[in-house]
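Visitor: Here it is: the structure, laid out below.
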Amino acid sequence: MHLTDACNRCMPKASYEWGKKPCYWWTQTIAKLRKECMRLRRKLRRFRARHEDCATSVEEFRLLKRNLKTEIKKSKDNSWRELCNQVETDPWGTPYKLATNKLVGRRPITGITKPG
């Protein structure tokens, strides 16, 4: 028990919302559009299961899905431009770590400054 508490204090676990790290291009706008798109998709599935007419909802869903795709594309393009600009200013920072797959590494143990 004491050993577990000491380990948890020295080496906190990394936790992300929903269990995994979000994409580099993910924004609140995209999250809102996706939530609305999924809500409308579920509504369409219910309409189709009941054999109801849903022509207006289909067009609305297509438009919303197209908007979501364009927003994701814009966000990815902006993130790529920012990364390219960052290469120009700091070549050994995040872009270097990203290229060498060292972006997400182990965190140092707090309290230990010298090996051994």
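The values are calculated or read from the model by the stated rules, or taken from the named source; none is laboratory data. Here the structure is a predicted model, which is why all the values come from computation and not from measurement. Heads up, the Cβs are rebuilt from the backbone with ideal geometry, glycines too, and the neighbour counts pull from every protein chain shown.
Visitor: Could you figure out which of (1) outside any helix (DSSP H, G or I); (2) surrounded by 10 or more Cβ atoms within 10 Å (Cβ to Cβ) isn't true of residue 96?
Guide: (1)
Visitor: Same structure, new question: For segment 24-77, which positions are surrounded by 11 or more Cβ atoms within 10 Å (Cβ to Cβ) and not in a helix (DSSP H, G or I)?
Guide: Result: 24, 25, 26, 27, 54.
Visitor: Given (1) modelled with pLDDT under 85; (2) over 30 Å from residue 9 (Cα atoms), where does residue 109 come up short, assuming only one miss?
Guide: (2) is the only condition that residue 109 fails.
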